[in-house]
Amino acid sequence: MKKVVKFGGSSLASAEQFKKVGSIIKKDPARRFVVPSAPGKRSSGDTKVTDMLYSCYDKAVKGEDFSDEFEKIRERYEEIIGGLGIKLTLEGEFESIKANFESQAGSDYAASRGEYLNGIVMAAYLGYTFVDAAEVICFSETGEFDGAKTDAVLKERLSGLEQAVIPGFYGSRPDGTIQTFSRGGSDVTGSIVAKAISADVYENWTDVSGFLVADPRIIKDAKVIETITYRELRELSYMGATVLHEDAIFPVRKEGIPIHILNTNAPEDPGTLIVESTCRVPKYTITGIAGKKGFASISIDKDMMNSEIGFGRKVLQVFEENEISFEHMPSGIDTMTVFVHQEEFEPKEQKVISGIHKAVHPDYMELESDLALIAVVGRGMRSTRGTAGRIFSALAHARINVKMIDQGSSELNVIIGVKNEDFENAIRAIYDIFVSTQL
Ligand code: ADP
Ligand code: ASP
Ligand code: MG
C-alpha cells in the first residue's frame, strides 16, 4: 500500500497542528509521501504565511523596507520549530530568501517559500527525505505545467525513496525560475505525486470532515458527502466549493486513484471519497450545492431570433472580441441571455452593447448586475423527476426571485441565477428541501 498525504495550511499552522499531522502519518506506514502547504491561519483573525509573503514581496518590489514583515514570517517558523523541539535552523535559508527578495526574484518565488520552508521543517520533524518541488514539478518555458516531464522526473527521483516530503504549490521552468500553481495549488501537487508513484489513494487532509453538501460558512452543520464522483466534484469546485483545487482531479482521474478528504482535527471521521464512478446510491437526490456571486446578465430580445441563422454566434463573437468569457447562456425563442463575470464585463460594458447593436440589431436589450449563480449538482438527479420543480417551489417559498434556471446537458447539474443578496437564503432553501427534509 502506498499513500500520498497532503496537508493544508490550517493543518500546519502551529507546532500543535504539526504534532497532530505527525501522529496521523506515523499511524499508517503506507503514508510515505507527504505534501505540505505553507502554515495557514491559527485563528480566524490570523494571516496565512502565503499572504504574508506576497505582501512582504510587494514592499520589496516597491523598494520599501520589508524587514518587519520578513521578521514576522521568520517568527512563524521559529514558533513551529521551537514547539516541536527539533534541531533545525532556517537561518541560512532566510538569508538567501531575503537576498532574493532584494534582487526581485518574482512573486511566485516569494509565495513558494511558504511551502518550501514548511517542507524542510516537516522533513526534519518526520525524519523523511526532503525533495525540493523545484527539481521535480516542471513547467514549460511559457509557464504551462508539463505533466509528461514531471511524471518521468518524479518517478525517477522518488523510486529509490522509502519516504519523502515534497512541498506543494510550486515547481520550476527549464531555466530554474520558480513558478506556482494558482492559489490552493498544493492540492494539485499532491495529485501529481499520487499519479507518479501510482498511489493506492491520495489523502487530502484539511480542516473539515470531508466535502460537505454545502459551504459550512452558509449552512451550519452541513452533512458530509460520503462518495462523490470526479465530475460532480468538478462542477462544485468550479462553482466555489473551494475545499479542493478544481484542477486537482486531473492527474489522478485517469489512473483511477481515489481522493480521500479527511479532517486533521478529527482523523477518525470517515471523510469523503472522490471516485471515477460508483454504484453507491447517493443519500439525497442532490450531491451538493455551491455558488458564486458577482455576475451580470445581458438579455437580448429580437422577434424571430430563433430563425435567424448565426444569431447566437454573432452575439458571442462580440464577447470574444472584447475578451470576455461567458458563464451561461440560457435562451428562448425571441430572447437570449448571456451571463458574464461582472468585474470582467463592467469596464467594457458600453463597447459590448454597441457591438451587439451593430452585430444583430436587437429590438431590446436589458442589463442586470449583482447576480449570483448557484449550482445544484448530483448524479441522482438523472433518475429523479421534478428536481427543477422542487428547487423552484423551495425558492418561491423563501420569497426568492429566480432570475434564471438552466439544466446542464449532462443532467448532472441545475444552475440557478438569483440576486447577490438572495444568495445565502437561496442555498439554505435548496439545502432544506433536499437534505433537511430528507426527501
Ligand atoms: P486547506 O488549507 O486544508 O487546503 P481550504 O481552506 O483550502 O483548506 O479548504 C477547506 C475549506 O473549504 C473549509 O474550511 C471550508 O470553509 C471551505 N468550504 C467551502 N465549501 C465547502 C464544502 N462544500 N465542503 C467543505 N468545505 C468547504
Ligand atoms: N499556500 C498556497 C495558498 O495559500 C497553496 C495552498 O495552500 O494550497 O494558496
Ligand atoms: Mg486548500
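The values are calculated or read from the model by the stated rules, or taken from the named source; none is laboratory data. Because the structure is predicted, anything quoted here is derived from the model rather than measured. Please note: Cβ atoms are built from the backbone with ideal geometry, for glycine as well, and neighbour counts cover all protein chains shown. Note: areas computed on protein heavy atoms with side chains; ligands, DNA, RNA excluded. Shrake-Rupley method; radii C 1.70, N 1.55, O 1.52, S 1.80 Å.
Figures for the structure shown
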quantity: Residue satisfying all of: in the stretch 9-29; part of a loop (DSSP other than H, G, I, E, B) and open to solvent by 10 Å² or more (accessible area, probe 1.4 Å); farthest from ligand 3 (Cβ to nearest atom) among these; calculated: Pro29
quantity: Selection count, the stretch 409-439, where residues are open to solvent by 10 Å² or more (accessible area, probe 1.4 Å) and farther than 18 Å from Tyr284 by Cβ; calculated: 9
quantity: Among the candidates Lys72, Lys59, residue that is among the charged types (D, E, K, R), without any contact (Cβ under 8 Å) to a residue 60 or more places away in the chain and surrounded by 16 or more Cβ atoms within 10 Å (Cβ to Cβ); calculated: Lys59
quantity: The one condition in (1) in contact (Cβ under 8 Å) with a residue 12 or more places away in the chain; (2) out of contact with any Gly (no Cβ under 7 Å at 6 or more places or on another chain); (3) away from ligand 2 (no atom under 16 Å from the Cβ); (4) open to solvent by 10 Å² or more (accessible area, probe 1.4 Å) that Tyr230 fails to fulfil; calculated: (4)
quantity: Flag if Ser23 is touching a helix residue (DSSP H, G or I) at 6+ places or on another chain (Cβ under 9 Å) and among the hydroxyl-bearing types (Ser, Thr, Tyr); calculated: no
quantity: Residue that is outside any helix (DSSP H, G or I) and either at negative phi or free of Cβ contacts under 8 Å to residues at least 12 places away in the same chain (or both), where the choices are Gly92, Gly40, Gly83; calculated: Gly40
quantity: Search result, residues across the stretch 282-330 that are part of a loop (DSSP other than H, G, I, E, B), without any contact (Cβ under 8 Å) to a residue 40 or more places away in the chain and open to solvent by 40 Å² or more (accessible area, probe 1.4 Å); calculated: Met304, Ile309, Glu323, Ser325, Met329
quantity: Matching residues, the stretch 233-251, being among the hydrophobic types (A, V, I, L, M, F, W, C), away from ligand 3 (no atom under 11 Å from the Cβ) and buried (at least 20 other Cβ atoms within 10 Å of the Cβ); calculated: Leu233, Leu236, Met239, Ala241, Ile249
quantity: Positions within the stretch 358-387 being open to solvent by 40 Å² or more (accessible area, probe 1.4 Å), small (Gly, Ala, Ser) and in contact with a strand residue (DSSP E or B) (Cβ under 9 Å, 6 or more places away or on another chain), in sequence order; calculated: Ser369
quantity: Qualifying residue in the stretch 121-132 (condition: under 30 Å from Met1 (Cβ atoms), within 16 Å of ligand 1 (Cβ to nearest atom), at pLDDT 95 or above and in a helix (DSSP H, G or I)); calculated: yes
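Table: residues versus (1) touching a Ser or Thr at 6+ places or on another chain (Cβ under 6 Å); (2) among the aliphatic types (A, V, I, L, M).
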site	(1), (2)
Ala248	yes, yes
Pro267	no, no
Pro270	no, no
Glu276	no, no
Gly291	no, no
Met304	no, yes
